[in-house]
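Have a look at the structure below before the remarks.
The values are calculated or read from the model by the stated rules, or taken from the named source; none is laboratory data. What you see is a predicted model; the values in this text were computed from it and never measured. Cβ placement follows ideal geometry from the backbone for every residue including glycine, while neighbour counts extend to all protein chains displayed. Quick note on the areas: whole protein, heavy atoms, side chains included, nothing else; ligands and nucleic acids left out. Shrake-Rupley method; radii C 1.70, N 1.55, O 1.52, S 1.80 Å.
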Amino acid sequence: SDVINRITTAGGDFLNLPSGTYLTNRLTIPTSFTLRGNGKNSIIKQQYYATDATDQGVSGGTALPFDGNLVGIGTTNAVDVTVADVTFDGNSSNNLLFTTSADNNLITFAGGISMLFKDMEIRNAGGGGLYARNSQRISIENCTIVDGGQTDRYNEFRPLDVQGSETVRVNDSLFENYAGALDVSVTTVVATGGNIIRNCGAGIDAYATGKITTQNNVCLLYTSDAADE
């Protein structure tokens, strides 16, 4: 975040992240900004028990954030955001779950306008993967969102939640091992194609969508009956 702040202060709008593993408690991406890395070689990993850095001790009280959101937007209604070729690791076995499902989404970009997520991987989230409700013109292309949730008890933990959005594309991506389904409900226009959805709740939730097309998706859903066999 400090690096991004210096870039935006200098009038820049782009960060090319070199190969390496970067431990952080919180990463804030500003509006009209592009974050790009070297794919699986550029890993942004949630710090071990990532709420500790803002704790001010007994005498100064506490300023803990009390959520597990690793990456988010620095403003409401952000526009023209691109995240590409970056791996986000939630380090879930070394972090805590919080009270509500929204507190546990690893990547949060709600309310954005014109956002692109491409060749991105999200793994080991304590709760949900990518949360981008109430967005406009959002594209998820060739992304991998896998192995989320510290427990299978809560089907609110979803790999992707774009509920209430306008004009959504989800193409050629892999979603695997979440208690909940992809949520594209209450969207106005949505297209999903060429995705693999494996062991993610009911697959795709698409209640009350306006216009939707889904084709060439492979859905492999876990059931207890199949496991017993």
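Tabulated values for the structure
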| quantity | calculated |
| --- | --- |
| Residue within the range 156-167 that is assigned to a strand (DSSP E or B), modelled with pLDDT of 95 or more and of a type in the set (V, I, T) present | yes |
| Looking only at the range 148-175, and only at residues there that are among the hydroxyl-bearing types (S, T, Y) and free of Cβ contacts under 8 Å to residues at least 40 places away in the same chain, the one that is farthest from V79 (Cα to Cα) | S173 |
| Residues being in a loop (DSSP other than H, G, I, E, B) and open to solvent by 10 Å² or more (accessible area, probe 1.4 Å) - total across the range 106-142 | 8 |
| Breaking point among (1) under 17 Å from the mean Cα position of the chain (by Cα); (2) more than 16 Å from G72 (Cα to Cα); (3) open to solvent by 60 Å² or more (accessible area, probe 1.4 Å), for R26 | (2) |
| Some residue of the range 168-178 being open to solvent by less than 10 Å² (accessible area, probe 1.4 Å), touching a Phe, Trp or Tyr at 6+ places or on another chain (Cβ under 8 Å) and not charged (D, E, K, R) | yes |
| Of all residues in the range 80-101 being open to solvent by 50 Å² or more (accessible area, probe 1.4 Å) and not in a helix (DSSP H, G or I), the one that is modelled with the highest pLDDT | D80 |
| Answer residue from the range 85-108, given it is touching a Leu at 6+ places or on another chain (Cβ under 7 Å) and touching a residue at least 40 places away in the same chain (Cβ under 8 Å) and is farthest from T8 (Cα to Cα) among those | N104 |
